[in-house]
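S.K.: So that we are looking at the same thing, I have put the structure below in structure tokens.
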Amino acid sequence: MATVPVDEGKVRACRELAANIARDVQGYINQHTSVGVERTILRAYGAEGADAEGAPLVNLAVDRYKDAGLLDRGILYFVGRALLGGSRSVQEAAEALAYGDLDTGEGGPSLEEIREALRQPTIDALARIDGARDQRDALRASFPEAPAPHKYVIVATGNIWDDALQAKAAAYGGADIVAVIRATAQSLLDYVPDGATTEGFGGTFATQENFKIIRKATNEAAKEYGRYIQQTNYSSGLCMAEIAWMAAVEGLDMLLNDAMYGILFRDINPCRNFVDQYVARRIIGRAGIIINTGEDNYLTTADAVEKAHTVLASQFINEAFAHNAGVSDEKLGLGHAYEINPSIENSFLFELSQAQLIRQIFPQHPIKWMPPTKFKTGDIFQSHVHDAMFNLVGVMTNQSIELLGMFSEAIHNPMLMDRFLSLKATKYVFNTAKDFGDEIEFKKDGIVAKRAVQVLDEALELLQTVEKETIWGAIARGDFADVKRLRDGGKGYKGVVARHPEYLNPLLSLLEGDAKGGEAAGTGG
Amino acid sequence: MQKAAKLPERGVEMSDEKQLLRAYGDRRGDGMIQLSFTLEVAPGARAREAAKRFAELHGIHEPLVASMEEVAPGFSLFVVYGHSQHAVDLATIEVPELRTEALSREVVYARIQEKLGRKLVVVGACTGFDAHTVGIDAILNYKGFSGDKGLESYKCFEAYNLGAQVENEQLLARALAVNADAILISQIITQRNSHKENAAAFIELLNQQGLRDRFVCLLGGPRIDHKLALELGFDAGFGTGTKPGDVASYLVERLA
Ligand code: B12
């Protein structure tokens, strides 16, 4: 088997540094909540629906208590009081919070009584997540496991009904995983739209109803073709935690979910993002959903040769954050990409080296191999060849998940035939070179081996700096993706709230088990 | 190939008024093209005939259906070769083109010094919900694009890059605050013509406030060309492969 030299001592050092970096942030997370987190929790307890203008009930309730300066106790504190005050369900309680008299939280029942009122709803909330997980896993187990790399394709028509049709078509073409990407501006919406949608562009709105529609379509396709089809969406942006919960209860298999992507690529406030990703990942961990991290994106804004080590360093950090939230290695799909300028001599060898390095450093992880995008042009014919080389690396280095390249990448979201032709070409390369990686060895001091050593060395060095500067400093300095963001800058900061000493969130406490974030052992290597 | 046979050797019919262009495949005038498309029909003899007729309706003579494959249940992808009957008269085509001579950094500097005696101030952003920064960064930031350093690297430019997801009002406010000479807008997402709407809305905003003449306005992005930019009310448009030097040269021609 073709391997690259990996110094295990250095890998251990990287993991320790990353754990320290994440621990520092976890201290902050444990003392804060956000409007996004509280809406998630309210949904998890059963509040649903939207008013005539489309404003979700959970937003109306949470915003009201936020604006009144009361959210620091957690929305459940008020839900519990409403239940004790006569609301017959969480839905009714949420309606009371949204439309009834404002409860200032003074007087009335004791904290113990409130906890007691929330006992059964908490059990129900957890059971809903667990039930959806078990149902999904049972269905999945009834089909044979697909060989790696799993072929992952995107549908993004903007209209959920066309998406459903194309998801089935993708399954027909041989896809193992179907992702619906969310609509262009959704990351910055501080609410999740309600119902089935037909109007997105650059993608389709992530809504609970839309998740249902695609789940139904992919399950039908699975029965038809005798292969399980995994469903994916994006848990990112200002509603990352709410979307994580929706995905959990609608039986999604995978989610794009990154500890820093929103900060770097959508200018979401770092505090907000860190708080939200923690709760999102707590739910994801419980639901057994695989996450896909977004380090591949760094190479679109930063140079893929010079900054290859930032991808690796960030993967260690993402891993540490995930461990703190109870996500296990087996569910941690760290992202990396084939993004080097194709005109560079031997760039294929650099790509191969990095892909193999990541494979070896993260052996249990369902790592996700991302295709060339940035240097794609309107020349679809050349683009198809570019993707073939990428596919070759994917199969040689035994990547777990491969997002297929599209020859029309520089032009539009993939069309029906673009996706089919990509699947066809990928199947060809995967099949024809199946055991290639096992058949060869890399030269001891060759280009591939040396490159791997260099990338790990540089990642270690960067992690040492980040540990000193803290992640806040590193992000402000532009260490990742060459993008600089300030701790109090960006979108959604106003939605962050410092927790009251008696902050109430029994579901989160259950999800945390005995281990609060940062103290969790994780399952890491 | 009756039509093609009548054409002169060059395949471009030259006369005083006409310059007819035909597609070139293997021989001048053969009009050969390939196309691919999907029809909602399963493969079969009727599907093949449907593809042929579909091609004929597009002006393809003697279409050859080279491939027919089911890409989804009940959908076939066709690859068709054939002779296009159409010819385009080049003489009737007029496109506004940016004809700016590429000036050296020294000349850019000297001219701005001489004519303005101060730095030329530019403010740029990728506007609306569009989060793509690489294009505007390539033009403005020191690093530049493809070996050509960005405007920030010039001694004679003062460049402000506001990044992406910038509201039109925000961009204008900043341009006023720093007393900008030029405003640079980038638009990458084009689905549903969002690039056109966003860009036009900015010009509309300037017009409303009577500020259109105060700034030179440039529009850029992979689907932008000079013609489109003019139509949308900008002074110039820049597409794929634009280098910072092109922009510097244009601004000097325009302002200094
Ligand atoms: C990198 C990238 C991203 C990165 C952006 C990182 C960043 N900070 O910029 C990330 C991963 C974040 C991203 C996200 C998305 N992306 Co994107 N992305 C790309 C990609 C791969 C490359 C774009 C790029 O950087 N090109 C390199 C630069 C240098 O080229 P350029 O932008 O054309 O700029 C040059 C010229 O046009 C010109 N220029 C540009 N602007 C200006 C301005 C002025 C004033 C001047 C003078 C010149 C100028 O000069 C530049 C240098 O020559 C393209 C695919 C492709 N290959 O084009 C998709 C692409 C643009 N993305 C696309 C989409 C849909 C999205 C998403 C909406 C996906 C989603 N649903 O979430 C999100 C965006 C969300 C949002 N709110 O905007 C689509 C757009 C489809 C369309 N036609 O509308 C594309 C084409 C991919 C695809 N096939 O689907 N993306």
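S.K.: What FRET efficiency, computed as 1/(1 + (r/R0)^6) with R0 = 41 Å and r the Cβ-Cβ distance, is obtained for A:TRP161 and B:GLU106, rounded to the nearest 0.05?
M.R.: 0.10
S.K.: How large is log10 of I(q)/I(0) for the stretch B:13-89 at q = 0.14, 0.21, 0.27 Å⁻¹ when the intensity is taken from the Debye formula with one equal scatterer per alpha-carbon?
M.R.: Normalising to I(0) and taking log10 leaves -0.50, -0.84, -1.15.
S.K.: Would you tell me the accessible area of B:GLU197, worked out with a 1.4 angstrom probe on the heavy atoms of the protein chains, in Å² to the nearest 10?
M.R.: 120 Å²
S.K.: What FRET efficiency would be calculated for the residue pair A:ASP137, A:ALA2, taking the C-beta separation as r and a Förster radius of 35 Å, to the nearest 0.05?
M.R.: Approximately 0.55, to the nearest 0.05.
S.K.: Above 20 angstrom, tally the Cα pairs of the stretch A:146-234 and express them as a % of all pairs, no decimals.
M.R.: 29 percent
S.K.: So what does B:TYR81 come to for accessible area, using a 1.4 Å probe and Å² rounded to 10?
M.R.: In the full protein context, B:TYR81 sits at about 90 Å².
S.K.: Note down the Stokes-Einstein diffusion coefficient of the protein assembly as shown in µm²/s, whole number, using a Kirkwood radius over alpha carbon pairs, 4 °C, and 1.567 mPa s.
M.R.: Details: Rh = 28.6 Å.
Here the translational diffusion coefficient equals 45 µm²/s.
S.K.: Then there is this: Roll a 1.4 Å probe over the protein heavy atoms and report the accessible area of A:LYS151 in Å², nearest 10.
M.R.: A:LYS151 exposes around 30 Å² with every protein chain in place.
S.K.: Measure off 7 Å from each Cα along the Cα-to-Cβ vector at A:SER343 and B:ALA201, then give the distance between these two points in nanometres to one decimal.
M.R.: My value for the distance between the label points is 3.6 nm.
S.K.: Going out from 0 in 5 Å bins, what whole percent of all Cα-Cα distances in chain B drops into each bin?
M.R.: 1, 6, 11, 12, 11, 10, 9, 9, 10, 9, 7, 4, 2, 0, 0
S.K.: Let me check against my output: what whole-number percent is the relative contact order of the stretch B:13-89, with C-alpha pairs under 8 Å and at least 6 apart?
M.R.: Worked out over the stretch B:13-89, it gives 38 percent.
S.K.: Just how many pairs of Lys in chain B have C-alpha atoms closer than 24 Å, counting pairs that are eight or more places apart or on different chains?
M.R.: 18
S.K.: Hey, another quick one. How high is the relative contact order of chain B? Use alpha-carbon pairs under 8 Å, at least six apart in sequence, and give a whole percent.
M.R.: Value for chain B: 16 percent.
S.K.: What spacing in nm lies between the two simple spin-label points modelled at B:ARG46 and B:GLU167, each 7 Å away from Cα in the Cβ direction?
M.R.: Between B:ARG46 and B:GLU167, the simple spin-label model gives 5.7 nm.
S.K.: Hey, another quick one. Taking both sides together, what accessible area is buried at the A/B interface, probe 1.4 Å, expressed in Å² and rounded to the nearest 100?
M.R.: Using a 1.4 Å probe on protein heavy atoms, the buried area is about 2000 Å².
S.K.: Then there is this: Which of the chymotrypsin sites (Phe, Trp or Tyr not before Pro) found in the stretch A:103-206 are loop residues per DSSP with 14 or fewer other Cβ atoms within 10 Å of their Cβ? Before the final figure, lay out the partial values.
M.R.: Working: sites: A:TYR152, A:TRP161, A:TYR172, A:TYR191, A:PHE201, A:PHE205; in loops: A:TYR191, A:PHE201, A:PHE205.
Listed in order of number, the matching sites amount to none.
S.K.: For chain A, return all DSSP H helices satisfying: extent of Cα atoms along own axis at least 30 Å; mean Kyte-Doolittle hydropathy at least 0.0.
M.R.: Length and hydropathy pass: A:447-477.
S.K.: Then there is this: Between B:ASN179 and A:ARG119, with labels modelled 7 Å along Cα→Cβ, what's the label distance in nm to one decimal, could you check?
M.R.: 7.2 nm
S.K.: Continuing with the same structure: With a cut-off of 8 Å between alpha carbons and a minimum separation of six or more residues, what is the relative contact order of chain A in percent? Spell out each step's value before the answer.
M.R.: Values: 1033 pairs, mean separation 112.8, N = 525.
Value for chain A: 21 percent.
S.K.: Something else now. Taking the Cβ-Cβ separation of B:GLU94 and A:THR432 as r and a Förster radius of 60 Å, what is the calculated FRET efficiency to the nearest 0.05? Each step should come with its number before you reach the end.
M.R.: Values: r = 51 Å, r/R0 = 0.85.
Approximately 0.75, to the nearest 0.05.
S.K.: Carbon and sulfur atoms: what percent of the 1.4 Å accessible area of the protein assembly as shown do they account for?
M.R.: The value for the protein assembly as shown is 50 percent carbon and sulfur by accessible area.
S.K.: Also: Using Cα atoms only, what is the angle between the long axis of helix B:194-208 and the major principal axis of chain B, expressed in degrees (0 to 90) to the nearest 10?
M.R.: 40 degrees
S.K.: On to the next question. Leaving ligands, DNA and RNA out of it, rank A:TRP245, A:TRP472 by accessible area with a 1.4 Å probe, largest first.
M.R.: The residues order as A:TRP472, A:TRP245, largest area first.
S.K.: Taking the mean number of other Cβ atoms within 10 Å as a proxy for protection, how do you rank B:143-154, A:32-43 from highest to lowest? List each step's numbers first, then the result.
M.R.: Values: B:143-154: 17.7, A:32-43: 26.6.
Packing order, densest peptide first, comes out as A:32-43, B:143-154.
S.K.: Pulled fully out, how much extra length does the chain show between A:GLU199 and A:TYR99, if you take 0.36 nm times their separation in residues and subtract their Cα-Cα distance?
M.R.: The A:GLU199-A:TYR99 span can extend by a further 33.0 nm.
S.K.: Accessible area per residue for chain A in Å², computed with a 1.4 Å probe and the full protein assembly in place, what is it?
M.R.: Result: 37 Å² per residue.
The values are calculated or read from the model by the stated rules, or taken from the named source; none is laboratory data. A quick note: this is a predicted structure, and the numbers were derived from the prediction, not measured. Every residue, glycine as well, gets a Cβ built from its backbone with ideal geometry; the counts of neighbours run over all protein chains shown. Accessible surface areas use protein heavy atoms only, side chains included; no ligands, DNA or RNA. Shrake-Rupley method; radii C 1.70, N 1.55, O 1.52, S 1.80 Å.
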